[in-house]
Amino acid sequence: MDSKQKSRRELLKTGAALAGGITFGAVGKANAQGDLPPTPTSENASPMIHGSKELIEYGQRSKYVTSVRVQHPIGGRPSPDVFGKVFHVASPLQDSVGVITPSSLHYIATTRGSFMPDIDPKQHTLTIHGEVDRPLTLTMDDIKRFPSVTRLHFIECAGNRHTPKQKTVQDTHGMTSCSEWTGVLLSTLLKECGLKSSAKWFVAEGAEEVKGASSIPIAKGMDDCIIAYGQNGEPVRPQHGFPLRIMVPGFEGIYHTKYLRRIKVTKEFYMNYNEFGHLTRTDKVLALGESIGPKSVITYPSGTQRLPGPGFYEISGLAWSGGGAVKTVEVSTDGGKKWNRAEFKNTPQRMAHVRFAYQWKWDGTETVIMSRTTDDIGQRQALREEIAEWWKVPIERDYRVPGLDNSVMPWKIAKDGSVTNGLA
Amino acid sequence: MDSLKFVTASLLLGSLLGGTAFAQSPTYGVGRTPTAEELRRMDISISPTGEELPPGRGTVKEGAQVFVQKACIGCHGAGGVGGLAPNLVSKKSADNVWKQDRVLPLRAPYATIVWDFINRGMPLGLEGTLKPDEVYSLTAYLLFLNKVIPEDQVLDKQSLPKVKMPIGDEFGKPPREFKLNAPRLEGYPY
């Protein structure tokens with residue numbers, strides 16, 4: 001049916017062109033002047049996107065799709081800065097559908113604002129050494145010879161915090177993204193090197209100018225870390241670590257070293273600049289600063305969007321956890337009095353975003369909507385009030401959730417359908 | 001049948017004689033062994049004990065000169081403040097390190113991290129070109145400016161790891177205990 005319609009439309013267009021007397025000569029003249037020929041249109045047809053070598057070789061989104069990343073947090077350190085360095089840039093979750101974040105819209109964070117190295121993959125190597133029987137240096141071609149895995153994983157920055165001042169879900173939650181990652185399991189490479197029994201930690205180091213490095217438990221490395229060269233069906237992009245990065249599923253973003261060039265297996269914990277940056281005052285808070293807790297947020301309707309009027313809406317959002325796979329998501333449309341089970345739009349996977357939805361008929365009255373999730377190891381996402389109560393501290397408007405902020409995010413819907421930050 | 005017996009016998013013999021070496025022989029045989037010299041040049045990680053620190057030494061006075069000679073001053077400003085690049089001296093009192101600006105790795109419990117960051121990441125565009133003496137002296141200069149060490153202190157492989165940083169003992173001690181598939185904090189339901 002579709003293809004029939006399409007060919008019929010093309011036929012009509014050709015006919016119209018002939019009837020209009022457009023000749024090849026006229027087309028050539030128009031091009032020489034830099035103007036494209038007028039596109040024959042009927043009442044039902046849109047203007048034509050003229051095929052160009054560039055567009056045929058590499059596609060582009062519609063000019064009507066204008067979703068972009070923004071600096072994070074608003075008013076924070078600018079990206080790019082005067083040196084051309086990039087610090088924190090948030091993904092436009094309010095426009096997201098499904099669970100894959102397009103690589104060009106994936107959030108970006110760098111080690112304390114570093115620049116992106118322009119690495120020639122032919123020159124790039126990964127060296128594994130330290131507490132191993134056989135140190136190993138691998139070229140990119142070598143790495144691609146090992147058995148590979150392809151998995152869906154989110155990455156979230158520890159700075160992904162929602163506060164009363166923020167307006168959109170991009171401001172409140174845009175420092176998380178989800179991609180399909182392809183690479184070699186680190187365990188495959190560590191086994192190839194032969195781990196010594198003294199191996200307890202490893203330092204993963206990048207090749208950018210500050211050589212960002214993080215310490216990771218060897219048990220995590222042997223479990224599910226991926227040495228990734230592929231993202232969403234193409235090579236990992238420079239903003240995300242081209243040609244090679246480590247995925248440390250469920251851990252804070254800073255552990256996912258980009259431009260990976262070296263893995264040093266160690267007997268003890270090495271405190272790198274990255275770990276210094278995440279020091280906390282107490283052991284308890286420290287414990288909340290490695291793996292990401294269960295978290296969800298409604299992306300539609302969300303801050304600054306507007307419901308056109310009472311009626312049917314599919315509330316939609318994302319849920320994830322560093323503890324494993326998402327088990328349940330619940331949505332409340334009455335400020336938390338009643339919680340309703342949401343449906344999943346894809347099968348929840350370990351340490352990956354899942355798209356959830358809840359079908360809702362808005363009656364046009366003012367209300368607050370929010371979501372909460374549980375994961376398959378029994379952790380649950382809580383309201384800020386519950387978290388403050390656990391820590392035995394008074395809840396204030398600017399209460400800062402200890403560790404990564406995985407508290408419930410409320411959106412307020414006014415009578416006129418406008419959506420605003422429910423924390424404000 | 002005979003060949004199967006042979007394989008079984010070989011495996012038994014292998015595990016008896018070879019022990020772990022047999023079990024851990026490479027499966028894929030891809031890649032090459034880096035030379036000791038390559039590893040030495042590449043290994044810029046510094047443990048808290050400073051075991052990888054190279055020989056060399058530096059003083060506060062030398063550091064002040066290197067800061068100008070190596071053009072650190074161009075981006076970070078005179079005395080490490082007021083430039084386009086981040087301030088290197090905390091403007092707030094050193095009484096409470098948690099209330100200080102996040103300058104240098106000043107809040108770090110180990111002075112080796114200050115050395116490490118200068119060594120691996122500075123100066124912009126010429127990273128890795130500073131000599132060990134220059135890194136020791138810059139570290140001394142910046143720690144002095146932040147009132148961490150006295151003006152006459154010499155920093156080297158032995159003294160650097162022993163510098164008492166202002167954080168003292170009041171911080172969550174990494175590493176946290178890591179268990180696979182376990183909640184982040186025992187008894188914490190969220």
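Return the residue satisfying two criteria in turn: it lies in the range B:45-59 and is of a type outside the set (Ser, Thr, Tyr) and out of contact with any strand residue (DSSP E or B) (no Cβ under 9 Å at 6 or more places or on another chain), and of such residues it is nearest to the other protein chains (Cβ to nearest Cβ).
My answer is B:48.
Looking at B:151, B:134, which is the one that is in contact with a helix residue (DSSP H, G or I) (Cβ under 7 Å, 6 or more places away or on another chain), surrounded by fewer than 16 Cβ atoms within 10 Å (Cβ to Cβ) and more than 9 Å from chain A (Cβ to nearest Cβ)?
Sole residue among the options that is in contact with a helix residue (DSSP H, G or I) (Cβ under 7 Å, 6 or more places away or on another chain), surrounded by fewer than 16 Cβ atoms within 10 Å (Cβ to Cβ) and more than 9 Å from chain A (Cβ to nearest Cβ): B:151.
Which of the residues spanning the range A:166-199 are within 12 Å of chain B (Cβ to nearest Cβ), out of contact with any strand residue (DSSP E or B) (no Cβ under 7 Å at 6 or more places or on another chain) and part of a loop (DSSP other than H, G, I, E, B)?
Residue satisfying the conditions is A:197 alone.
Identify all residues within the range A:291-326 that are within 13 Å of chain B (Cβ to nearest Cβ) and in a strand (DSSP E or B); write none if there are none.
If the condition is that a residue be within 13 Å of chain B (Cβ to nearest Cβ) and in a strand (DSSP E or B), then A:291, A:295, A:296 are the ones that fit.
In the range A:184-201, which residues are hydrophobic (A, V, I, L, M, F, W, C) and under 25 Å from the mean Cα position of the chain (by Cα)?
Once the filter is applied, which keeps residues that are hydrophobic (A, V, I, L, M, F, W, C) and under 25 Å from the mean Cα position of the chain (by Cα), the range A:184-201 yields A:184, A:185, A:186.
Which condition breaks for residue B:125 when tested against (1) farther than 26 Å from residue B:56 by Cα; (2) within 9 Å of another protein chain (Cβ to nearest Cβ); (3) of a type outside the set (Val, Ile, Thr)?
Going through (1) farther than 26 Å from residue B:56 by Cα; (2) within 9 Å of another protein chain (Cβ to nearest Cβ); (3) of a type outside the set (Val, Ile, Thr) one by one, residue B:125 breaks only (1).
Quick check: anything in the range A:155-177 outside the structural domain of residue A:400 (by TED's automatic domain parsing), modelled with pLDDT of 95 or more, more than 30 Å from residue A:72 (Cα to Cα) and surrounded by 17 or more Cβ atoms within 10 Å (Cβ to Cβ)?
For the range A:155-177, residues outside the structural domain of residue A:400 (by TED's automatic domain parsing), modelled with pLDDT of 95 or more, more than 30 Å from residue A:72 (Cα to Cα) and surrounded by 17 or more Cβ atoms within 10 Å (Cβ to Cβ): absent.
What residue, of A:150, A:110, is of a type outside the set (Lys, Arg) and at pLDDT 95 or above?
Within the list A:150, A:110, the selection yields A:150.
Checking residue A:369 against (1) touching a Phe, Trp or Tyr at 6+ places or on another chain (Cβ under 7 Å); (2) in a loop (DSSP other than H, G, I, E, B), which test does it fail?
(2)
Are there any strands (runs of 3 or more DSSP E) wholly within the range A:66-152 with 2 or more residues that are small (Gly, Ala, Ser) and facing chain B (nearest Cβ under 10 Å), and if so which?
Filter on the range A:66-152 gives A:108-114.
So for the range A:355-369 (the condition being crowded, with 22+ Cβ neighbours inside 10 Å, closer than 24 Å to residue B:183 by Cα and aliphatic (A, V, I, L, M)), does at least one residue qualify?
No, because not a single residue in the range A:355-369 is crowded, with 22+ Cβ neighbours inside 10 Å, closer than 24 Å to residue B:183 by Cα and aliphatic (A, V, I, L, M).
Say we look at the range A:107-120 and pick out the residues that are on the phi < 0 side of the Ramachandran plot and in contact with a Lys or Arg (Cβ under 8 Å, 6 or more places away or on another chain); which of these is surrounded by the most Cβ atoms within 10 Å (Cβ to Cβ)?
Checked the range A:107-120; the qualifying residue surrounded by the most Cβ atoms within 10 Å (Cβ to Cβ) is A:107.
Test of understanding: among B:91, B:131, B:70, B:147, which residue is closer than 28 Å to residue B:170 by Cβ and touching a residue at least 40 places away in the same chain (Cβ under 8 Å)?
B:147
Between A:378, A:364, which is free of Cβ contacts under 8 Å to residues at least 60 places away in the same chain, on the phi > 0 side of the Ramachandran plot, within 14 Å of chain B (Cβ to nearest Cβ) and over 23 Å from the mean Cα position of the chain (by Cα)?
Residue meeting the stated conditions: A:378.
Determine whether residue A:357 is of a type in the set (Gly, Ala, Ser), under 20 Å from the mean Cα position of the chain (by Cα) and either more than 14 Å from chain B (Cβ to nearest Cβ) or over 24 Å from residue A:404 (Cβ atoms) (or both).
Yes; evaluated as a whole, the condition is true for this residue.
Would you check which residues across the range B:161-182 are within 14 Å of chain A (Cβ to nearest Cβ) and in contact with a Phe, Trp or Tyr (Cβ under 9 Å, 6 or more places away or on another chain) and list them?
Listed by number, the residues that qualify are B:161, B:165, B:167, B:170, B:171, B:174, B:175.
The values are calculated or read from the model by the stated rules, or taken from the named source; none is laboratory data. Every value quoted in this text rests on a predicted model; they were computed, and no experiment measured them. In this analysis, Cβ positions are derived from the backbone assuming ideal geometry, glycine residues included, and neighbour counts consider all displayed protein chains.
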